[in-house]
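What follows is a short report on a single structure.
No lab work stands behind these numbers, since they all come straight from the coordinates. Since the model is a prediction, treat every value here as computed from it, not as a measurement. Cβ coordinates were reconstructed from backbone atoms using ideal geometry, including for glycine residues, and neighbour counts include every protein chain displayed.
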There are 4 protein chains.
Amino acid sequence: MPKFTGVVPPVVTPLTETFEVDYPSFTRVIENLIDGGVHGLFVLGSTSEVVFHAAAERTKIIEHAVKVNNGRLPIFVGVIDPTTDRVIEHAQIAKSAGADALVVTAPFYARTNQAETIDHFRYIRDAVDVPLVAYDIPVCVHIKLERNTTVTLGREGTIAGVKDSSADDGNLRYVMLDMADRPDFFAMTGSEIVVDNVLGMGAHGVVPGLANVDPHGYVKLWNLFQAGDHEAVRREQERLCRLFEIVWIAQPRTSAGSAGVGAFKTAMRQLGIISTNVMARPQRMLNSEETAKIDAILKSTGLL
Amino acid sequence: MPKFTGVVPPVVTPLTETFEVDYPSFTRVIENLIDGGVHGLFVLGSTSEVVFHAAAERTKIIEHAVKVNNGRLPIFVGVIDPTTDRVIEHAQIAKSAGADALVVTAPFYARTNQAETIDHFRYIRDAVDVPLVAYDIPVCVHIKLERNTTVTLGREGTIAGVKDSSADDGNLRYVMLDMADRPDFFAMTGSEIVVDNVLGMGAHGVVPGLANVDPHGYVKLWNLFQAGDHEAVRREQERLCRLFEIVWIAQPRTSAGSAGVGAFKTAMRQLGIISTNVMARPQRMLNSEETAKIDAILKSTGLL
Amino acid sequence: MPKFTGVVPPVVTPLTETFEVDYPSFTRVIENLIDGGVHGLFVLGSTSEVVFHAAAERTKIIEHAVKVNNGRLPIFVGVIDPTTDRVIEHAQIAKSAGADALVVTAPFYARTNQAETIDHFRYIRDAVDVPLVAYDIPVCVHIKLERNTTVTLGREGTIAGVKDSSADDGNLRYVMLDMADRPDFFAMTGSEIVVDNVLGMGAHGVVPGLANVDPHGYVKLWNLFQAGDHEAVRREQERLCRLFEIVWIAQPRTSAGSAGVGAFKTAMRQLGIISTNVMARPQRMLNSEETAKIDAILKSTGLL
Amino acid sequence: MPKFTGVVPPVVTPLTETFEVDYPSFTRVIENLIDGGVHGLFVLGSTSEVVFHAAAERTKIIEHAVKVNNGRLPIFVGVIDPTTDRVIEHAQIAKSAGADALVVTAPFYARTNQAETIDHFRYIRDAVDVPLVAYDIPVCVHIKLERNTTVTLGREGTIAGVKDSSADDGNLRYVMLDMADRPDFFAMTGSEIVVDNVLGMGAHGVVPGLANVDPHGYVKLWNLFQAGDHEAVRREQERLCRLFEIVWIAQPRTSAGSAGVGAFKTAMRQLGIISTNVMARPQRMLNSEETAKIDAILKSTGLL
C-alpha cells in the first residue's frame, strides 16, 4: 500500500476584505476538513490560489496549517512556481515547515518539453529529500505529463505518486497499469465528478477542491467504495456532481479560475466556515445574485 | 511621437557553467548592443530567462544593467510573474532600481479572463508610477490580449504602449488604428522576421531577441526604413530571416524555449560576446553538433 | 429501456490491394462480429473510413451490410459529411437501404457554432424519419457538442441518443443526469479503454472500434458488467487496454488516424478475418516491422 | 513571372430565399468583380460556401462562372472535400468544365499528417493535369501546411502555387525565400487586412473575400503597390480594414463562418449586387439590426 491514500482536499485559503490571509477562517477550514474525516491535507494547491501568494506568505500558510493540524493528518504542500530553482527554494522551506510530501507541476511560462520536464523533477528530488507528487494540470501549465514521463519518474523513484488534474482518465489508467508492480506508487485524481470511475480503475486517492464545501460527501463516497457498495457510491457521486454545478454560476462574468474557487469560497461563507468570499487580485469574487444561486444548490444538495 | 521608439532588444542573461549570472559577460552583451546602435534595452524579458530568476537575482540584474548603461539608453524592465501583487513587488523594485518603463504580461497559471486582465494592469499602474508596457505573449501566458483589452488600457492611460509577441499582425494593426489619435501611445513588435511589415503598418519599435546576436542588422533595418528605402529594408530583413533559422536547430531535442534562447547564447558565444551557452535549469543547452550548424549560419549571413 | 443498447461496434471496411471495398472480407468482418455476440452494427462510422467513400460506394456498403446481417441485429449508419443538406442526402439513402438509426456529427470545415449545430440536427430530423444519434467527435469535427446542445436535442426528441467519442466523461455524466427522466434516451461511449467507467455511470452501450479485432472481449465485458462482477469487468477492461496499445505502434510514421484503423486492419488480417491492411488514400498502411509488434500484442493478450 | 498574379477574389455564391443558387445574382457578382478590375476569379472557395454544395450543384456553379466569364479572366476552382479520391472526382469535373487551376486543401475530418498530406497532393496531381494551388486554411481543416510540405510540393512541381489563409506570414515568407529560385511558383494570401505586408514580402497575389463587396478597393491597392506608392497603399489598406469590420457584427449570435460570409452577402445586397443575404443551412443570416450596422460601415468607408 502507498503511504498516502484517501481523500486529500486542496485546502482553500480564505482572505479578509483587504486581501490578507484570514488565519482564523483558515483554522476553521482545516478543522472542518478534519471533522469531515478526510485523510490528508493538501496546502498551497491551485485551489489555494497558491500562485497569488508570495514566498513569505506561503511560509506562514504552511506553518499555520502544520500547527493547526498538529500531526493529525499527513500534509501535502504545493511548491508551485514557473521554474526549477525557484521550486527548489519553495521546497526547502516547505520541508523545514513540516511538509510530508511536496506537490510539483511541470514548469510553466517557460515552454519546456517532456525531457526537460523529467529533468525538472529530478533536480528537485535531488535537492530536497521529501516524497514528490507529480501534479498533472495542463489547464494551468499548458503541458501534459505524458504517460512515459510519469512512469519514468515513478519507476526510478523520483516521484512517489501522481495527482492527475488533466481529466485524461485513459492515460491515468495506463500509468497505473504500468506501475502495477510498484505497490508503493500512488495515483490520485483531482476530479470532483468522476471520482467513482477513477477509484474503480484502482486509484489510491482523490484531491477534490469541492471537499472544502462538503468533506463528508467525499469521505462517504470513499468509505462506500471501500465497502464495495457501487450503487451507493454512484448515488453519492451524483449528488456531488449536482453540488459541483456551483462552479459554473459566475461564468462568463468571471474567468473559470475565479468562478470555481470563488464558488467554493462563497459556499463556505454561506455555510459559516469562512468570513468572506474575497479572491486574490485580479480575480473577481461572486456577487449577490450568484450567491443566491449557490444557496439554492446548497439547499437542493442537502447542505443548507 | 511616443517617448520610446526604435530597436529595443530583450537582453540575454548569460550564465556561468555553474548556473550563476555571468556579470562580466552581461556587461559585454549590453556594450555590444549599445555599440550596435540600439535605441533602448529591455532587461528581464522572456529572452532573459526572466522566470528562471528569483527576485534577489532579478534586482541584481537590473542594477547591473542600469550601472553599465549609465543613462545612455532608456531601460525597459520585465516584471513577469503569475499574479498581480507579485508583479507589483517586482515593479516597485524595478522602479527603485531605475527602470524607465515596466513590461507586464497577463497573469499566467491563474486562468483569468480579459476583464480580470484589464484589472490586473490597472492595479499595477495604480501601485507604481512608471510607464507600463503591455506584453502580449500568448505562447507563454496562454491568453491573448484582445484588441479591446489593449485599446481600453491605452485610451485610459493605464499603459503607455504594447509589445506584441503574438504574431497576430492583423490585430496589432487594428490596435494601432484605434489608437491613431493618441500619438504618445506606442506599439512594438516582438517579431524577428516580419519587422518590415510591422513598421510599414506604423509601429514605433521592435524588440527582437535576435538583436543580441546581430544588433547592427536590426539597427540597419530600422535606419533603412526611416530613409524609406523599401527594397533595402526587405533585403536586410531577409538576411535576418536566414540568421533566425538558428532557433530551430536544436528542436525537437530541446523545447522551443531552449532551442531559441539557446541558439542566441550559442551564437553569442561563437562571436565572443559571452563565455558559455548555459541555459537555466531544466532547459538544455545546445551541443557541439548543433553549434557547428549555428557556425555555418553565422558564416552564410556574414557574421563569422 | 432505450431501443438500442449493448456493444455496437463501428464496422471496419476492408479494402483490396487496389483500394476497392473488399466485400467478401466485409462479409467476414460482419459475421465475426455477430459470432462474437455484439448487439448492433454501426456501419460507416469513422472507423469505417467513411469520409473516404463517395456516396455511391457508401450505398453499396450499407446494402451489403443489411443483406449480410439479414435482420439479425439493429444497424446504425453513419451519415457523415460536412454540411446539413449533404447529410440529408446520405440520410435518405441510408433510410431506404434499411438503416435502423442514423449517426450524425456536427458540421465540419464550416465553423458553425452550438446554435447552428442544434439547427443542423433539427433540419436533418425534419427531413428523414429515422432515429438520430448525435455523434460527438471533436477530434474530427473540431467542435464539442456541449452539454446544453445534446440535452436540448434529446429533450425535444430530435435525437434518440448520443455517441460520445470526446473522452469528456464528466460532460457525458451531466448529460445522462439531465436526461435521467427520459428512459428511452441512450448514451453510448466511443471509448475502448474506459468502458467500465462509462457503463458504471449509467451508459447504455459502447461503440468500440477495437471490437473488430476482439468482439468477444467487449461482449464479455458487457456481460460481466450486467452480472455486477466489477472485479472481472476491470480485469477484462485492462486486458483490452493492453490490446488497444496496437493503435500507437505506427505513430508518428503515420498519422493518428492511419495508425489506429490501420492497426485494427492489420490485426484483423493477422487473425484471418480480412485479406489486406490497405487504407484508403492518402493514409499509410502498417509495414512488416509494425505488423510484428502487433502480432506480439495479439499473442500477449490471448488472441493469437 | 508566375502565370497567375493579382487580385483573385473567392467568388460569393448567392442563394434564393429557398436556398437554391441564385444564378442571375451570381452573374452580377462576377460582372461586378470583372468591372472592378480583378485579375482572376476563384470559384468554389470557402467564401462560396463550397462544402455546402453537392457535386451536381458545384458543376453548375463552375459552368455558369465559365460561361459568364467567357475567357476574360483565369478561373481557379476549389475542389474541396475531405479525402483524396473524392477531391479527384471534383477535380476531373472542374477540369472538364474549364478550370484554369484547381485549389486543394489538406484532407479534413481524416486526421492525416504532413507526409500523408504531401501524398494527397501528389495523388491528385497525378490524376488530373491542371495546375494545383495548395490552400493552407488550418481554421477549416485543422492542419497547417508546414513550410517543408509546401516547399517539397512546390520544388517537385506538384503544386504551382500556394494560397495562404493561415495568417502565418512569417511562415509564408520562408516559403517564398525557399522558392525564390523558382520564378514560376506563386504565393497568394487570403488575408484582407495585411495585404500590403504580404505583397511587400514578395507575394504574387491576393484572394480577399471582401473584394466581393469592394473589388475596386483591392485593385486600387494592387495598382498602388505596383506603382511603389507605399503611403497610398497603406491608406487604402486601412480603409479596407475599416470595411472588414463588418465580419464581426453578427458574432457571437452566429458563428464566425456565418458572420463573415453573411456580412459579405448582406453588404452586397445593400449595394444592389445580389438579391438576398441567405446563407446555406444551418448557417444563420444577418438580421435587420446587424444590417443597419453594415450600412453604417458601408457609408463610412465610402461605398454607400
If eta is 1.306 mPa s and T is 10 °C, what Stokes-Einstein diffusion coefficient results for the range A:102-220, Kirkwood Rh from Cα pairs, in µm²/s? 109 µm²/s
Proximal aspartates and glutamates to B:K95, defined as alpha-carbon separation beneath 17 angstrom and excluding residues fewer than eight positions away on the same chain: B:E57, B:E63, B:D81, B:D85, B:D126, B:D129
Rg over Rh of the protein assembly as shown, using C-alpha atoms and the Kirkwood radius, what does it come to? 0.96
Debye intensity ratio I(q)/I(0), log10, the range C:186-262, q values 0.12 Å⁻¹ (C-alpha model): -0.34
Taking the convex hull of the Cα atoms, report for the range A:100-164 its projected area averaged over all directions, in nm². 4.0 nm²
Connecting every pair of Cα atoms under 10 Å apart in chain B and solving the GNM, the largest mean-square fluctuation among B:G200, B:G37, B:G262 falls on B:G200
For chain D, whose charge dipole is built from +1 on Lys and Arg Cβ atoms and -1 on Asp and Glu Cβ atoms, the candidate among D:N69, D:L15, D:G98 with its Cα farthest towards the positive end is D:L15
From the label point of B:E63, set 7 Å from Cα along Cα→Cβ, how far away are the matching label points in the other copies, in nm, ordered shortest to longest? 2.6, 8.3, 8.6
Please report, for A:R242, the nm distances (one decimal) from its label point, 7 Å out from Cα along the beta-carbon direction, to the equivalent points in the remaining copies, shortest first. 4.2, 5.7, 7.1
On average, how many beta carbons from a partner chain sit within 10 Å of the beta carbon of a residue in B:167-174? 5
At a 10 Å Cβ-Cβ cut-off, how would you order A:F4, B:F26, fewest neighbours first? A:F4, B:F26
Here the alpha-carbon Rg of the range A:228-293 over 2.2 N^0.38 Å rounds to 1.28
On the first, second and third principal axes, largest extent first, how far apart are the outermost C-alpha atoms of the range B:61-153 in Å? 39, 22, 22
Once you have all Cα-Cα distances for the range D:1-72, histogram them in 10 Å bins from zero and send the whole-percent values. 19, 55, 22, 3, 0
One finds, for C:D126 and D:A292 with R0 = 35 angstrom and r their Cβ-Cβ distance, a FRET efficiency to the nearest 0.05 of 0.65
Interchain or long-range residues, amide H under 5 Å from A:G6's placed H: A:G205, A:V206
If you count the DSSP beta bridges with both ends in the protein assembly as shown, what percent of them are antiparallel, to the nearest 5? 5 percent
The range C:157-197: spread of alpha-carbon positions along the three principal axes, whole Å, largest first, is 29, 16, 15
√(5λ) per eigenvalue of the Cα gyration tensor, the range A:161-304, largest first, Å: 30, 18, 12
As a percent rounded to 5, the proportion of antiparallel DSSP bridges among beta bridges in the range B:6-228 is 5 percent
Only Lys, Arg, Asp and Glu count, each charged at its Cβ (+1, +1, -1, -1), so figure out the dipole size of the range C:69-129 about its Cα centre, rounded to 20 debye. 160 debye
May I ask you to evaluate 6.51 cos²θ - 1.76 cosθ + 1.60, the Karplus curve with θ = phi - 60°, for each residue of the range B:290-304 and list the ³J(HN,Hα) values in order in whole Hz, giving x for glycine and proline? 5, 4, 4, 5, 5, 4, 4, 6, 4, 5, 5, 9, x, 9, 10
Calculate I(q)/I(0) for the range C:79-121 by the Debye formula, one identical point scatterer on each C-alpha and no solvent, and give its log10 at q = 0.22, 0.28, 0.31 Å⁻¹ to two decimals. -0.69, -0.96, -1.09
Helical contribution to [θ] at 222 nm, DSSP H n ≥ 4, -39,500 (n - 2.57), averaged over chain B, rounded to 500: -14000 deg cm²/dmol
Name the long-range amide H neighbours of A:Y135: under 5 Å, sequence gap of 5 or more, or other chain; modelled H, no Pro or chain starts. A:V104, A:T105, A:A106, A:K163
Could you give me the percent of Cα pairs per 5 Å distance bin for the range A:1-143, shortest bin first, beginning at zero and ending with the bin that holds the maximum distance? 2, 10, 21, 23, 20, 15, 7, 3, 0
Under 5 Å from the placed amide H of D:G37, counting only residues 5+ away or on other chains, we find none
Directionally averaged projected area (convex hull, Cα atoms, chain B), nm²: 14.2 nm²
Quick note on B:F42, B:F225, A:F121, ordering by fewest other C-beta atoms within 10 Å, gives B:F225, A:F121, B:F42
Identity and axial distance of the chain B residue whose Cβ lies nearest the axis relating B to A, Å: B:H142, 3
If I build a Gaussian network model for chain A, linking alpha-carbon pairs within less than 10 angstrom, which residue out of A:A110, A:A232, A:A203 has the largest mean-square fluctuation? A:A110
Compute the separation of the alpha-carbon centres of the range A:64-131 and the range B:225-251 and state it in Å as a whole number. 43 Å
Can you give the charge dipole size of the protein assembly as shown about its Cα centre, rounded to the nearest 20 debye, using +1 on the beta carbon of Lys and Arg and -1 on the beta carbon of Asp and Glu? 0 debye
Per-copy distances of the B:T18 label point, shortest first, in nm (7 angstrom along Cα→Cβ): 4.5, 7.5, 8.7
In straight Cα distance, which lysines are under 28 Å from C:K299, not counting same-chain residues fewer than 8 positions off? C:K220, C:K265
Given an 8 Å cut-off on Cα distances and at least 6 residues of separation, report the relative contact order of chain C as a percent. 19 percent
In a Gaussian network model of chain C with springs linking alpha carbons closer than 10 Å, the residue among C:G190, C:G78, C:G217 that fluctuates most is C:G217
